[in-house]
Amino acid sequence: MNDHLMRSALFVPGNRPERFAKALTSGADVVIVDFEDAVQASDKALARDNLGAFLQATPTGRVWVRINMASHAQHEADLAFCASQSGVCGVMLPKAESAEQVARAATTGQPVLPIIESALGLQALAAISQVSGVDRLTYGGLDMSLDLGLIAGTAGAECMLDQVRFALLLHSRLAGLAPPLETVYARIDDPVGLEHFVLSSNNKGFAGMLCIHPRQVEVVHRALAPTLTQEDWARRVLASADQPGAFQLDGQMVDAPVIQRARNILKAANNA
């Protein structure tokens, strides 16, 4: 399992090179330079040039790249760029719809994060998740809603997207991948809503999320950090874990799954 920390993955447009350095100092666990949705067709090659120049001038810079989808005219050039740049440490493949597409992205030699954004991608999820080189999974909530005919933002759409979340979680587990990443939260001026969104996602087994603005990063990290009460409980559980068999703590039965939950809490606290 690839379990390197990825609570926040922050997008920055490839046609805005003046934002690259700021993104890298935002505190995000991963910065993703976007060659896809954020960049108009006439600027696709320029986005590669921008990032290449930045990485040459910033030898310690490390970024992921969201390349263009497999059917896009710039796809192969994006792959060649990612394979040639030591500062690129991962590839995000949008609108992933087959294991073959993901395997092609993995020929860059970089870990791949497929973005599931359509019914076809969801149908192929079992095969996609098993491709060698896949780091973890995520999905595009808006594109998936559009493809499935959902009314984005409604309770009904969220109910359907929960089925997508379950599929991602299930196949991540079956493939031995790290927990998946939640889709973006589109409102950058709503920290309270973002915090609730992150907490709900975390309760569903997701370990992090995609971010579209630097100010979202701190909110995400804070929401994912265990509370002091949770940390105290976890320490007391582990302090008593050498007892044979199950035992009681604060009126709760503690057995092996509860002990592992305590370990997970302290691991998350150490990463906060």
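Some observations on this one:
To keep it simple, each residue is scored yes or no on (1) surrounded by 15 or more Cβ atoms within 10 Å (Cβ to Cβ); (2) of a type in the set (A, V, I, L, M).
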{"site": "Ala28", "(1), (2)": "yes, yes"}
{"site": "Ile67", "(1), (2)": "yes, yes"}
{"site": "His72", "(1), (2)": "yes, no"}
{"site": "Glu76", "(1), (2)": "no, no"}
{"site": "Ala80", "(1), (2)": "no, yes"}
{"site": "Ser86", "(1), (2)": "no, no"}
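- When the range 144-164 is filtered for residues that are surrounded by fewer than 15 Cβ atoms within 10 Å (Cβ to Cβ) and in contact (Cβ under 8 Å) with a residue 24 or more places away in the chain, only Asp162 remains.
- Check on Leu5, closer than 21 Å to Gly140 by Cα, at pLDDT 95 or above, within 22 Å of the chain's Cα centre (by Cα) and not in a helix (DSSP H, G or I): no
- Of the residues in the range 111-131, not one is over 17 Å from the mean Cα position of the chain (by Cα), among the charged types (D, E, K, R) and closer than 26 Å to Ala28 by Cβ.
- Subset of the range 239-264 that is aliphatic (A, V, I, L, M) and in a helix (DSSP H, G or I) - its residue that is farthest from Ala225 (Cα to Cα): Ala256
- Selection count where residues are among the acidic types (Asp, Glu) and crowded, with 23+ Cβ neighbours inside 10 Å, scope the range 35-53: 1
- When Ala47, Ala70, Ala53, Ala105 are screened for being part of a loop (DSSP other than H, G, I, E, B), in the same structural domain as Gly140 (by TED's automatic domain parsing) and either over 22 Å from the mean Cα position of the chain (by Cα) or among the aliphatic types (A, V, I, L, M) (or both), only Ala70 passes.
- Residues of the range 134-154 classified as under 15 Å from the mean Cα position of the chain (by Cα) and more than 12 Å from Pro94 (Cβ to Cβ), total: 5
- Residue pairs meeting the criteria (Cβ under 8 Å; at least 6 apart or on separate chains; first not assigned by TED's automatic domain parsing to the domain that holds Val91, in the range 114-139; second part of a helix (DSSP H, G or I) and at pLDDT 95 or above): none
- Members of the range 180-206 that are in a loop (DSSP other than H, G, I, E, B) and either surrounded by fewer than 20 Cβ atoms within 10 Å (Cβ to Cβ) or of a type in the set (Val, Ile, Thr) (or both): Thr183, Val184, Ala186, Arg187, Ile188, Asp189, Asp190, Lys204, Gly205
- Answer from Leu238, Leu199 - the residue that is out of contact with any Ser or Thr (no Cβ under 6 Å at 6 or more places or on another chain), in the same structural domain as Leu93 (by TED's automatic domain parsing) and more than 21 Å from Ala23 (Cβ to Cβ): Leu199
- Matching residues, the range 215-242, being under 15 Å from the mean Cα position of the chain (by Cα) and farther than 15 Å from Lys267 by Cβ: Gln216, Val217, Val220
- Arg19, sole failed condition from (1) under 25 Å from Ser201 (Cβ atoms); (2) without any contact (Cβ under 8 Å) to a residue 40 or more places away in the chain; (3) outside any loop (DSSP other than H, G, I, E, B): (1)
- Residue list for the range 207-221, filter: in contact (Cβ under 8 Å) with a residue 60 or more places away in the chain, assigned to a helix (DSSP H, G or I) and not acidic (Asp, Glu): Pro214, Gln216, Val217, Val220, His221
The values are calculated or read from the model by the stated rules, or taken from the named source; none is laboratory data. These figures come from a predicted structure and were not determined experimentally. No Cβ is skipped: glycine too gets one built from the backbone with ideal geometry, and neighbour counts run over all protein chains shown.
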